[in-house]
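The values are calculated or read from the model by the stated rules, or taken from the named source; none is laboratory data. Model, not experiment: these values are computed from the prediction. Backbone-built Cβ (ideal geometry, glycine too); neighbour counts: all protein chains shown. With ligands, DNA and RNA removed, areas are computed over all heavy atoms of the protein, side chains included. Shrake-Rupley method; radii C 1.70, N 1.55, O 1.52, S 1.80 Å.
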Amino acid sequence: MPFPSTRIIPTGWSAHHQPAMRTSMNATCVITDPARTTRGPWDEQTGSYGPPVPFQVYPDPQATEDAPCRVQRIASGREAVQAGVQVEYRGYLITIPADAPAIHPDYEVHVTDAINDPNLPGEMFTVTDVLLGSERFERDLFCTHNESTEAVNP
């Protein structure tokens, strides 16, 4: 039993360990909210903005650094029927830094680089759940990945 003036987990323990966890994230990603868009880039030739683009949540669009993440498969493939098409999907745990902005279900995670898996960049995952906790070294996102080529390319 600790003394009355001590704590088992010191204040700031999570914050102290967050930089170490960031070093385990050897992929980069962009997370967007598909329910929101921003206007596209200015086109000098047409004198107007391009088509709307997905609203970027992570990293901040003004950021100059890549947005680290770690992608790990956590479930074998499952099948379901969506709109009359047989769809296979897998569960993934995607972790991002604990100080990232709030992420919500249905946001999309787009992997932009992965030094250990050349097949991972370009893949898109859908957030299904965001884990919360009183101690956190990173933000854990449960996601699904559509594995069906028929559903993606009908």
field: Within the range 10-63, considering residues that are in a loop (DSSP other than H, G, I, E, B) and touching a residue at least 24 places away in the same chain (Cβ under 8 Å), the one most open to solvent (accessible area, probe 1.4 Å)
entry: Asp60
- request: Kindly indicate whether any position in the range 74-89 is in a strand (DSSP E or B), at pLDDT below 95 and in contact with a Cys (Cβ under 8 Å, 6 or more places away or on another chain).
  value: no
query: Any chance the range 92-100 includes a residue that's open to solvent by 60 Å² or more (accessible area, probe 1.4 Å) and polar (S, T, N, Q)?
result: no
